[in-house]
Amino acid sequence: MQTELSKKLGIEHAIFGFTPFPAVAAAISRAGGFGVLGAVRYTAPDDLKRDLDWLEAHVEGMPYGLDVVMPAKKVEAPKNQILTEAEVEAMIPEGHRRFVTETLAKYGVPELAEGEASGWRITGWMEQVARNQLDVAFDYPIKLLANALGSPPADVVARAHDQDVLVAALAGSARHARKHAEGGIDIVVAQGYEAGGHTGEIATMVLTPEVVDAVDPLPVLAAGGIGSGQQVAAALSLGAQGVWLGSIWLTTTEADMHSAGVTRKLLAAGSGDTVRSRALTGKPARQLRTEWTDAWDDPDGPGTLPMPLQGLLVAEAVSRIQKYEIEPLLGTPVGQIVGRMNSERSVQAVFDDLTRGFEHAVDRINRIAGRSGQ
Ligand SMILES: Cc1cc2nc3c(=O)[nH]c(=O)nc-3n(C[C@H](O)[C@H](O)[C@H](O)COP(=O)(O)O)c2cc1C
């Protein structure tokens with residue numbers, strides 16, 4: 001499965017895998033794909049350094065990349081001033097804090113132990129945190145830097161290019177994709193509505209060819225709802241130069257989900273069991289539908305806050321829900337492909353399935369086109 005882009009990056013299969021877990025990223029690269037480590041949860045530069053050291057030692061010389069989250073639109077301080085986390089926290093209204101406390105009390109969610117920090121505290125979408133991550137990452141031989149939620153700033157693109165690092169950005173519409181292209185990026189990830197995590201409103205089947213046409217000749221990766229070789233073949237037929245998968249890795253044996261309850265829920269969920277909700281971060285993100293997302297999406301509730309306030313507001317609550325495995329509230333970002341994630345498999349087994357399914361799909365189309373035997 002070779003495209004111009006996969007040849008340029010020196011990978012065997014044009015399959016890119018986003019994952020928050022270093023062990024999964026390494027396994028994707030070793031399997032012949034391109035592992036991309038999500039950096040958003042790394043608040044401390046030393047933690048990112050530790051995991052990039054580990055990744056570098058376990059990719060067996062294969063290429064890999066890093067994904068940061070620099071939102072184009074966010075709660076910003078006036079005139080380029082960068083707010084501290086405490087200053088941002090102070091912007092959270094009291095009524096919203098009360099809603100969190102009351103909802104947790106309703107389900108009897110215990111407190112964290114004294115001194116125990118919230119494991120889900122994600123501040124990587126605050127620009128200063130993302131910039132600190134980049135300072136660490138550029139010391140490693142990353143081959144790709146991806147940015148979610150907008151075009152990366154011009155200085156970041158220039159810095160990456162100076163170090164021969166390709167820059168990718170996620171886009172949920174052709175308009176976003178054109179903006180990325182104008183910003184000088186190298187690869188657009190066309191991410192459809194079905195995808196896990198932050199997503200737009202256009203389905204992958206419609207979005208991919210629109211983005212391919214909009215940014216031609218820039219290479220496009222199709223993302224959202226892809227979890228089988230047949231879907232990979234479909235994406236490449238739509239003009240993509242590869243696929244970008246996120247959800248499918250969550251139930252691999254290498255994934256460190258920290259919660260057996262979440263894995264159980266993922267394995268049991270059908271494709272209709274997700275919702276696009278602002279409950280987790282303040283921006284619409286596809287995730288398992290739970291009584292927690294229902295509470296936030298209820299028109300009688302207080303409504304969600306803009307990014308990054310919502311993420312800070314719910315961080316401790318999400319950690320408590322995960323730690324004590326409060327079943328009705330327990331969730332995670334995941335896409336509609338969760339309906340196919342019915343067993344725990346190794347990353348290599350997922351790759352074998354994707355490549356075999358791709359070959360079957362190509363054979364089938366060849367037969368339909370009257371080219372059997374070729
Ligand atoms: C648990 C999870 C976390 C994600 N976090 C990020 C992120 O931090 N940055 C990013 O660019 N994309 C993130 N995404 C989106 C993925 O990069 C990818 O575009 C998406 O998962 C593709 O659709 P799929 O889930 O149907 O495979 C996340 C996806 C999941 C499932």
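The numbers here are math on the coordinates, done by the rules we state, and not lab data. Model, not experiment: these values are computed from the prediction. Backbone-built Cβ (ideal geometry, glycine too); neighbour counts: all protein chains shown.
Taking 25 Å as the cut-off for C-alpha to C-alpha distance, list the pairs among LYS106/LYS265; LYS7/LYS143; LYS49/LYS283; LYS265/LYS323; LYS8/LYS49; LYS49/LYS265 that go past it. Numbers along the way, then the final one.
Values: LYS106/LYS265 22 Å; LYS7/LYS143 13 Å; LYS49/LYS283 28 Å; LYS265/LYS323 15 Å; LYS8/LYS49 27 Å; LYS49/LYS265 32 Å.
With Cα atoms farther than 25 Å apart: LYS49/LYS283; LYS8/LYS49; LYS49/LYS265.
Go through region 303-374 and name the trypsin sites (Lys or Arg not before Pro) that are in a DSSP coil and have 12 or fewer other Cβ atoms within 10 Å of their Cβ. Walk me through the numbers on the way to the answer.
Values: sites: ARG320, LYS323, ARG340, ARG345, ARG356, ARG364, ARG367, ARG371; in loops: ARG371.
Answer in residue order: ARG371.
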Note the full-extension length gain between GLN128 and ALA113 as 0.36 nm times their separation in residues minus their Cα-Cα distance, in nm to one decimal. 2.4 nm
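Starting from the Cα gyration tensor of region 156-298, multiply each eigenvalue by 5, take the square root, and state the resulting semi-axes largest first in whole Å.
Working: eigenvalues 160, 57, 53 Å².
Each semi-axis is the square root of five times an eigenvalue, giving 28, 17, 16 Å.
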Translational D in µm²/s for region 299-374 (Stokes-Einstein at 20 °C, 1.002 mPa s, Kirkwood Rh from C-alpha pairs): 125
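Can you pull out the trypsin sites (Lys or Arg not before Pro) in region 1-74 whose DSSP state is coil and whose Cβ has at most 12 other Cβ atoms within 10 Å?
On the way: sites: LYS7, LYS8, ARG30, ARG41, LYS49, ARG50, LYS73, LYS74; in loops: ARG41, LYS73, LYS74.
Answer in residue order: LYS73.
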Measuring from the lowest to the highest alpha carbon on each principal axis, how far does region 232-374 reach, largest first, in angstroms? 61, 28, 23
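Taking 0.36 nm per intervening residue step and subtracting the Cα-Cα distance, what contour gain separates SER271 from GLN348 on full extension?
Numbers: separation 77, 0.36 × 77 = 27.72 nm, distance 2.35 nm.
Separation in residues times 0.36 nm, less the Cα-Cα distance, equals 25.4 nm.
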Percent of beta bridges antiparallel (DSSP, the chain, rounded to nearest 5): 20
Given H placed on each backbone N at 1.01 Å, which residues far from LEU166 in sequence or on other chains put an amide H within less than 5 Å of it? LEU144, LEU145
Averaging over all projection directions, find the projected area of the Cα convex hull of region 133-215 and quote it in nm² with one decimal place. 5.4
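Can you tell me the length gained on complete extension of the stretch GLN163 to GLU56, counting 0.36 nm per residue apart and subtracting the Cα distance? Please list the in-between numbers first.
Working: separation 107, 0.36 × 107 = 38.52 nm, distance 1.72 nm.
In short, 36.8 nm is gained.
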Compute the signed sum of charges (Lys and Arg +1, Asp and Glu -1) over the other residues within less than 13 Å, Cβ to Cβ, of PRO152. -2
So what are the three principal axis dimensions of region 274-323 from its Cα atoms, in whole Å, longest to shortest? 27, 21, 20
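Using the alpha carbons of the chain, what is the convex hull volume per residue in cubic angstrom, as a whole number?
Working: hull volume 52.7 nm³, N = 374.
Value for the chain: 141 Å³ per residue.
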